[in-house]
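These notes are about the structure you will find just below.
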Amino acid sequence: MAGTSSGIVAALTAVALGAVGFLAYQAHATAPASLGVRPAAGAPPLTAAGKAPRGRRDPTALPRGSGLGERVVYSVDDDRVWLVGETNRVQRTFRVNPGSIDPPVGTYWVTSRSSAVTGSDGVPVEHVVRFTSVEGLAIGFSAATAPRAAADPSARTGGIRETRADGDAMWAFATIGVRVVVIR
C-alpha cells in the first residue's frame, strides 16, 4: 500500500506544480504593464521632462541616457525607434507612426507578441510586439498588412506602426522580456 500512496502523492504534487505554473504564466501575461515599470539599470538620468539628450549633428543617433545593453528605444517626440544590441550598438533605427495614445516615459519589457491580429483601428496587422497598456488599451509596435483608410481622429489607438520591413526587424529582435525604453 505504501507504493500506491507515494505514487498518488507524487501525481498530486505534479498536478499542483503544473497548476501553479500555469496560473503564474497567466498572471504574468495579464498583469498591468505599470507593475513592470522601473528605471533602466545603469541609465543616466533623463531631463526633468523625460527628454534624453540628442546629438546635434545626427538626429538619428541613439539618444544618450537611454540605458545600456539590449533594448528597444522609442522616442515619442521624434517618432523614432532604435534597436540596440547587447554591446550598445544600434542594429537598426527607423521612423514610426504612433497611435493616438502615447505610453508614459519609462522602462518596460515586451510582455506579449502576436504574429497577426486586427489592430484597435480595425486594420489587419502583423508582428505585434506589446509592452504596456494605457487605460486598458494595449500599446505596442506592429506593421499594417493592408493599406490604411483614413483614421477616425477620435479613435483611441495604441498601435505604433512600422513598415513591414521594420516590423520584421522588430519581430526578430523584440522577443518576450526584451526591455523597451520610452523617452520623450
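The values are calculated or read from the model by the stated rules, or taken from the named source; none is laboratory data. Because the structure is predicted, anything quoted here is derived from the model rather than measured. Note that we place each Cβ from the backbone using ideal geometry, even for glycine, and neighbour counts take in every protein chain shown. For accessibility, only protein heavy atoms count, side chains too; no ligands or nucleic acids. Shrake-Rupley method; radii C 1.70, N 1.55, O 1.52, S 1.80 Å.
Do we have any residue at all in the range 144-157 that's open to solvent by 30 Å² or more (accessible area, probe 1.4 Å) and touching a residue at least 60 places away in the same chain (Cβ under 8 Å)? Within the range 144-157, not a single residue is open to solvent by 30 Å² or more (accessible area, probe 1.4 Å) and touching a residue at least 60 places away in the same chain (Cβ under 8 Å).
Identify, please: which residue in the range 76-91 is farther than 21 Å from Gly159 by Cα and not in a strand (DSSP E or B) and is, among those, least open to solvent (accessible area, probe 1.4 Å)? Restricting to residues being farther than 21 Å from Gly159 by Cα and not in a strand (DSSP E or B), the top hit is Gly85. Do we have Phe131 as touching an Asp or Glu at 6+ places or on another chain (Cβ under 6 Å), touching a residue at least 40 places away in the same chain (Cβ under 8 Å) and not in a loop (DSSP other than H, G, I, E, B) here? So Phe131 does not fit the description; no.
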